[in-house]
Each structure stands twice: as C-alpha cells, then as structure tokens.
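Accompanying notes for the structure given below.
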C-alpha cells in the first residue's frame, strides 16, 4: 500500500479521528490510546500491506509498522492536528485500567520521544571506549572531550528531557517540569552535593530545614514524580487565577513549591527508592547470574510481543545512574541476536523471494536491536524459529550472566552494544564472556533453524 494512503486507512480502521485519545510511536510501533477499542477492526488492519502486526497491550492499541513508523506517525499526527487529543485525566477507561497497563503506558510515553537519541548517545559512548582501547583517541585531549560531551550530554541533563516528556504525559506545562529538572542539575546544586560529600553533613537549609543534596544527573524517578506533582498542582491553581496573571503566575507558584519540595522530600525519598531497586536487582542477579541470564534471555522476545519490555527501561537506566553500569543489557543482546540468528536461518533456507526480502530487512533491523519485524514478519508466524531464537537467547544469556558482563552506557541491545561492554581501562574477561555468549546465541539459533527447517516448519505456510 502507498505510504500516503496507509495512515488514512489506519485511522479509518481504528474508528476514525474521534476515537483516538492519544498516539505516540516507538522504534517500530504506533501506540494508540483509543476511547473505544471494541470498534477498531483489528482483523482488517492486519491484512493491510505495511502493517506487520496489531497488539493490544499495556492499555494501548499498538500497530506495528516497522522501520517506516516515523513517517507514518507524522502523517497521522498531521491528519488529527485539527482536534485536541484528550489528556490522561479525560480518558473514559482511566479507572478500569490495571496498574501494569497504566505503568507501561506512562513509561513508554515518557521515554519513547527521545529513546532513539538516548540509544545513539549510548552507542557513541561505546565507540569512544573502543577508540580509547585501540589508542586512536586519548583521554584528556580535545578530541576526547568533544566526543565525550556529545555522548554524555543527554545523560548528564537527563532530568530536563524527562521533565519535558513527563510534563506532557501528565497533562501539565512541559516547560515547567523541564525547568524543575533543570533546577536539579543546576551547577549550584551539584556544588552543594559535592560539598556535602566532603563534610558528610547537609551544608544548606531551606527555611531552616536541612537539605540533603544528591547528584540528580542521570536520575529518572525523582524527575518523573516531580513532574507529576507539578502537573497536579498546575491543574488546581490555574483555574483559580485571573486570566490576566495566570499565564505567568501558574509556573511561578509551581516552581516556588515543587522545586523546594523535590529537594526536601521527593528527591531524597525517590533516590532511596532508586538505590533500593538497584540493590534489589543486584541481589537477585548475584544470587544466580547464569539463571537470571537464562530467564531474561528466554523471555525477552515474549515481553517485546506484548510491549512489556518498556517496564525494564527505567531499571536499566537506574542501574546506570546508581552503579555506573548495567548487567541487564548484555543479556538482552544475546536474546536479540538469538532472534536475529533465526531470521538468518530462514533467509538461507527459504526459496521464496518475498520471504528472503522480508527476512533480509528484518535481519538488518535486528542487528541494530529492533526485533519486531523479525518476530512478527519472520519467526513467530513459523513458530519453530521463534522458539529456537528464545532457547538460543537463554543459552547465550546464561553465558553472559555467568561472565558478569556489564555495559557502561545505555543503548538498544544489538550488535552495536558490544563496544559499550568495554570499560575505559581495556577489554577484560567479562567483555570476552559477553562476546562469547552473544556468538553462541547467534550460531545456535542459526544452525538449529536451518536443521529444523527440513523437519518441520518449512512445510508450514507463513501464516500457520
């Protein structure tokens, strides 16, 4: 189907413009929140050329498009810009949605708008580590400083990005919550944090109340809750103010109240929660790292199918903020490459030009960490390759977990994540353990897919 007509057809089949409460997109999916999902024609949507799959999950009606999702989203956004999308407060199903659905919807809405830039910055950090390890760039030089600043900026000023998208999600003025995030990373706050570290006691007070300073750069949870509190306050005070002053008095009151509240209460409490989550994950991982790797490697693609993988994003970012590294992403690389190996097996064994074309496209996307085209278009319809990919991901994930492999920056789990496993000091055994686990996952899934084709799945139609 022509890409110019695809957006109009999607809008028509989900019940028209008036049935769209909100819409965002991630790397491959249009994520709709509909007023009434029952009128969406799911079966007809699945038959449209250009639509890979349709998934109902996390309170969202998800239409999987693939690599062209951004252009389709822009056309849909342009088509519905003549009407105001409903906010979170006006949803008809607000009180009937499960906690899991609400949580995943919030997380995906907050991180989706800049996740690609976040991944790109993480890859850039990994490549910079690679350049240092092969002595092409030296730390402390101008070249290093510029590349490091480019790759580190989004992480250092993370509260600003989170503040903006969280403010939009919660229906408030995103620039107010962005300003709150900026206050948390202001040089004066960071200087106060460093001073408190040296002295071991709070060095500042607010109206006589001691302020416990933390380094909120890289932080996630404090800014999200601060943005929520600001949005709630804004909605209550805005209607009470006279129209002649509300446009600047509303943000003035929000900043006066929420910034001190965040530094005095929200920040310390959520920072404690962040550390508790990180230590809790570390305890589970330390108890049996190979088992953690096997379980996560086996079920990651299942989580992707239902859109549940978004629930892990804050945990990965929290690990990076608290520890400076994360052990989950290396395991996920093995899970992703397991599915990629299965796609490569389908590509090699298939004699159908259309299947080869689809598999080739899915293979390229999978290498960069985007597995939806591989799952929905290639492996899942044939069942056995998908299962093999999950089993291979479990095997590779177990090796990665046992090796204790870490990444030192965020990114989509794909082959480009491998440089991110390199510490600045040089490659160690944990790095090579991660490479071994990923290689095992790829080879195992490829070989088993090719061998099993002659026994079972080749005889099945793609839609079986």
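Each value in this text was obtained by applying a stated rule to the coordinates, not by laboratory testing. Model, not experiment: these values are computed from the prediction. Every residue, glycine as well, gets a Cβ built from its backbone with ideal geometry; the counts of neighbours run over all protein chains shown.
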Which number in (1) without any contact (Cβ under 8 Å) to a residue 12 or more places away in the chain; (2) buried (at least 21 other Cβ atoms within 10 Å of the Cβ) marks the one condition that residue 24 misses? (1)
When the stretch 1-21 is examined, which residues are found to be more than 26 Å from residue 381 (Cα to Cα), assigned to a loop (DSSP other than H, G, I, E, B) and in contact (Cβ under 8 Å) with a residue 40 or more places away in the chain? 4
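Every residue, every condition in (1) surrounded by 15 or more Cβ atoms within 10 Å (Cβ to Cβ); (2) in contact (Cβ under 8 Å) with a residue 24 or more places away in the chain, yes or no:
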site	(1), (2)
189	yes, yes
196	yes, no
204	yes, no
213	yes, yes
231	yes, yes
235	yes, yes
239	no, no
245	no, no
260	yes, yes
Within the stretch 353-362, can you find the residues that are surrounded by fewer than 21 Cβ atoms within 10 Å (Cβ to Cβ) and either touching a residue at least 12 places away in the same chain (Cβ under 8 Å) or within 17 Å of the chain's Cα centre (by Cα) (or both)? 355, 360, 361
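Regarding the stretch 192-214, can at least one residue be identified that is within 26 Å of residue 117 (Cα to Cα) and touching a helix residue (DSSP H, G or I) at 6+ places or on another chain (Cβ under 6 Å)? Before you say what the answer is, go through the steps one by one.
First, the residues of the stretch 192-214 that are within 26 Å of residue 117 (Cα to Cα): 214.
Now narrow it down to the ones that are touching a helix residue (DSSP H, G or I) at 6+ places or on another chain (Cβ under 6 Å): 214.
Yes, there is a match, as at least one residue in the stretch 192-214 is within 26 Å of residue 117 (Cα to Cα) and touching a helix residue (DSSP H, G or I) at 6+ places or on another chain (Cβ under 6 Å).
With the structure loaded, tell me whether residue 166 is assigned to a helix (DSSP H, G or I), surrounded by 14 or more Cβ atoms within 10 Å (Cβ to Cβ) and in contact with a helix residue (DSSP H, G or I) (Cβ under 6 Å, 6 or more places away or on another chain) or whether it fails that test.
Values: assigned to a helix (DSSP H, G or I): yes; surrounded by 14 or more Cβ atoms within 10 Å (Cβ to Cβ): yes; in contact with a helix residue (DSSP H, G or I) (Cβ under 6 Å, 6 or more places away or on another chain): yes.
Criteria met by residue 166.
Have a look at 348, 304, 343, 378 and point out the one that is surrounded by fewer than 17 Cβ atoms within 10 Å (Cβ to Cβ) and assigned to a helix (DSSP H, G or I). Steps first, please.
Numbers: 304 fails: surrounded by fewer than 17 Cβ atoms within 10 Å (Cβ to Cβ); 343 fails: surrounded by fewer than 17 Cβ atoms within 10 Å (Cβ to Cβ); 378 fails: surrounded by fewer than 17 Cβ atoms within 10 Å (Cβ to Cβ).
So the residue among 348, 304, 343, 378 that is surrounded by fewer than 17 Cβ atoms within 10 Å (Cβ to Cβ) and assigned to a helix (DSSP H, G or I) is 348.
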Looking at (1) farther than 25 Å from residue 207 by Cα; (2) touching a helix residue (DSSP H, G or I) at 6+ places or on another chain (Cβ under 8 Å), find the lone condition where residue 240 falls short. (2)
